[in-house]
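Q: What follows is a single structure, and I will ask about it in a moment.
Just so it is clear, none of the values below were taken in a lab; they were calculated from the coordinates. On a predicted model such as this, the values are computed, not experimentally measured, just so you know. Cβ placement follows ideal geometry from the backbone for every residue including glycine, while neighbour counts extend to all protein chains displayed.
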Amino acid sequence: MDTVNVAFVGAGNFARSHHYPTLSRMDDVRVVAIAELNEDLLHETADRYGVPGRYVDYHEMLAREDVDAVYVIMPPHGLRPIVLDVIAAGKHVFTEKPAGMNTAETAEMARAAEQAGVKSAVGCNRRYCHVIRKAKAEVLLEGPISTVLAEFHKDMTGAPFGISVLYTDGLHVLDPMRYILGEAESVHAHADWWYTKDRWEASYNCFQALIRFKGGGSGLFTANRQAGGRYERFEVHGRGISAYVRAPDLVQIVRAGQDEAEVYTGEQLAGSSDERDTYGYFVESREFMDCIKNDAMPPTNFSDNVKTMQLCDMIAAGSHRDMT
């Protein structure tokens, strides 16, 4: 396969700011069709990227267009039926995270993709974020990783789409924790809601968890959605070495016996200051395209994403809170 033909379901803000421009940079990828209910957005996006196929009904697009893969970029509450239709049409599929409203939905899509023999990928961009990859690689050179801290704070009351922010936002940093440490075996957790009059829209907004992983490492997770603003940070510790990450901009490597930290910027590591490069969006889609061309399964497939959703489940259960 020389060229991967791609269709989109969705031309919303995130698709237009990240996924369309990313794929447009790949010489071996052609976006040939878009399905979008908002006809103004449909034609504006199609005109910008020279996309010939334009549909309001994605069913019609799937029936008429000869494509290899479909990007379904939309909020999680509408993903399941569309993704299952894409899989039934025999197309490889990419979604943003979370891939479903809950673990059961994600597992259903994983089974469907496996049975249909199509490749799936979830946009776990932090796994491809250059400063996070650098942190993992440098610490592993000195031996096993003992501890990872992941924190992600925002000022955001309530929960979008009727799903807990643990699943829509917390998993942004829980997934890279899995990428670094492997699979979790036990969790001690606490969840609460602050500065809201009542529990509206699954509004738990403050989470802390101590996670033990099967490989022996430990993870510390904290997320507060009533904080002063967006703040994302990781620590990765090993034998005589620590990496301090401010994603996607910076990683500091501190080594025992050295007076000064080694400092690497996301721009240095990515070769670009564009967030789509530093935060890993380009690399995640490039890997998906390469997996399609080389008949390999992307590491961030639906079955793998089930494990991240299960980790969120463990935190919800460990805090004795109903997140559904």
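Q: Report, in listed order, any pair from LYS91/LYS134; LYS136/LYS307; LYS119/LYS214; LYS91/LYS136; LYS91/LYS307 with a Cα-Cα distance greater than 29 Å.
A: LYS91/LYS134; LYS91/LYS136
Q: Can you tell me the orientation of helix 79-88 relative to the chain, as the angle in degrees between its alpha-carbon axis and the longest Cα principal axis, to the nearest 10?
A: 60 degrees
Q: Please determine, in degrees from 0 to 90 and to the nearest 10, the orientation of helix 281-294 with respect to the longest principal axis defined by the Cα atoms of the chain, where the helix direction is its Cα long axis.
A: Long axis of 281-294 versus the principal axis of the chain: about 60 degrees.
Q: When N is the residue count of segment 4-125, what does its C-alpha Rg come to as a fraction of 2.2 N^0.38 Å?
A: My calculation over the Cα atoms of segment 4-125 gives 0.98.
Q: Same structure again: Which Cα, out of THR300, GLN258, ILE34, lies furthest along the positive dipole direction of the chain (beta carbon charges, K/R +1, D/E -1)?
A: Final value for the positive-end residue is GLN258.
Q: Return one number: the angle in degrees, 0 to 90 and rounded to the nearest 10, between the long axis of the Cα atoms of helix 130-140 and the longest principal axis of the Cα atoms of the chain.
A: Computed tilt is about 50 degrees.
Q: Hey, got a sec? Which trypsin sites (Lys or Arg not before Pro) in segment 18-106 land in a DSSP loop and have at most 13 other Cβ atoms within 10 Å?
A: Those satisfying the criteria are ARG25.
Q: Taking GluC sites (Glu not before Pro) as candidate sites, keep only those in a DSSP loop with at most 15 other Cβ atoms within 10 Å, then name the longest stretch of the chain containing none of them.
A: 1-141
Q: Right, something else. Between exposed chymotrypsin sites (Phe, Trp or Tyr not before Pro) in the chain, where DSSP calls loop and at most 16 other Cβ atoms lie within 10 Å, what's the longest gap?
A: 1-193
Q: Another question, then. If you wrap the chain's Cα atoms in a convex hull and average its projection over all directions, what's the area in nm²?
A: Spelled out: convex hull of the Cα atoms, projected over all directions, averaged, 17.1 nm².
Q: While we're here: Placing unit charges on C-beta atoms (Lys and Arg positive, Asp and Glu negative, everything else neutral), compute the dipole magnitude of segment 4-125 about its Cα centre in debye, rounded to 20.
A: Roughly 300 debye for segment 4-125.
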